[in-house]
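Q: If you scroll down you'll find the structure; I have some questions about it.
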Amino acid sequence: MTVFISRRELLKRAGLAGAAAVVAPALASGDPAGADPQTVARTVQQAAREPIANLSAAEADILEAMVARLIPSDANGPGAAEARAAHYIDSALGGALASTRGAYEAGLAALDRYARSSRGAGFAQLSPADQDTMLTAIENGAAADSGEASAAFFAMVRAHTLQGTFGDPFYGGNATFVGWDLVGYPGVRTIVTPDDQRLAPGPARNHKSAYDYEMFTKASARAATADDPHHGD
């Protein structure tokens, strides 16, 4: 099945298509060779959930299912589920994304109602194919009776999913640097050698967050986020 937004198309829209070209075509998550990406994604969704900070359990289920289809696991490697993008969003709803908490509450509830009325089951219980069909309709503004699960809601969740998949791991997403590995980003570095600049053979991955360096501190990052209530909106 073709996912409703291919990985290459999503990265292209995010301005990352060039980086995506350097990603190895093997699964980077340690799953057995030949594993069905849809099965892998659904297994991740069904795994024991880590503590929830701001969403309800039902909201977290819907959000986990949604982000898993926005950036799905596929032959190129893990996606938003493995990157813990939903965890990033849940955490940020108590801070940098607090102003969108109401939009998430209304939009996730509307998405689930739309799934039950049109497909006979909650969104998280639908097959990946049905989830993709629903999200495509919402993205295109073609979903009748979807209420607050609008194109604007889709765009907001998509933007936050990108942040949670490809942002600095300090903020709760991009777990084990899977997002950076996906696009070939080697990690934050404060010194760039001549060989690094020539990209020959290419910078080695160091899997370092900006806050792994002494010049950046987690305390200053938290203070900056606290001082800017709209950071990340």
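Q: Please list the non-local residues whose amide H lies under 5 Å from the amide H of Gly77, H modeled 1.01 Å from N, same-chain partners needing a gap of 5 or more.
A: Ala28
Q: For the stretch 93-107, in order, what is each residue's ³J(HN,Hα) by Karplus, 6.51 cos²θ - 1.76 cosθ + 1.60 with θ = phi - 60°, in whole Hz (x at glycine and Pro)?
A: Whole-Hz 3J(HN,Hα) from phi for the stretch 93-107: 5, x, x, 4, 9, 4, 5, 9, 4, x, 5, 5, 4, 5, x.
Q: Expressed in nm to one decimal, what extension gain is obtained for the pair Asp145 and Ala129 from 0.36 nm per residue of sequence separation less their Cα-Cα distance?
A: 3.8 nm
Q: Hey, how many Å between the Cα centroid of the stretch 117-145 and the Cα centroid of the stretch 59-108?
A: Measuring centre to centre over Cα atoms gives 17 Å.
Q: Per residue, how much accessible area does the stretch 44-153 show when a 1.4 Å probe rolls over the protein heavy atoms, in square angstrom?
A: 39
Q: For labels at Ala210 and Arg189 in the simple 7 Å Cα→Cβ model, what's the distance in nm?
A: 1.9
The values are calculated or read from the model by the stated rules, or taken from the named source; none is laboratory data. Computed from a predicted structure; not experimentally measured. Methodologically, a virtual Cβ is constructed for each residue, glycine included, from the backbone with ideal geometry; neighbour enumeration extends over all protein chains shown. Please note that ligands, DNA and RNA were not included when accessible areas were found on the heavy atoms of the full protein model with its side chains. Shrake-Rupley method; radii C 1.70, N 1.55, O 1.52, S 1.80 Å.
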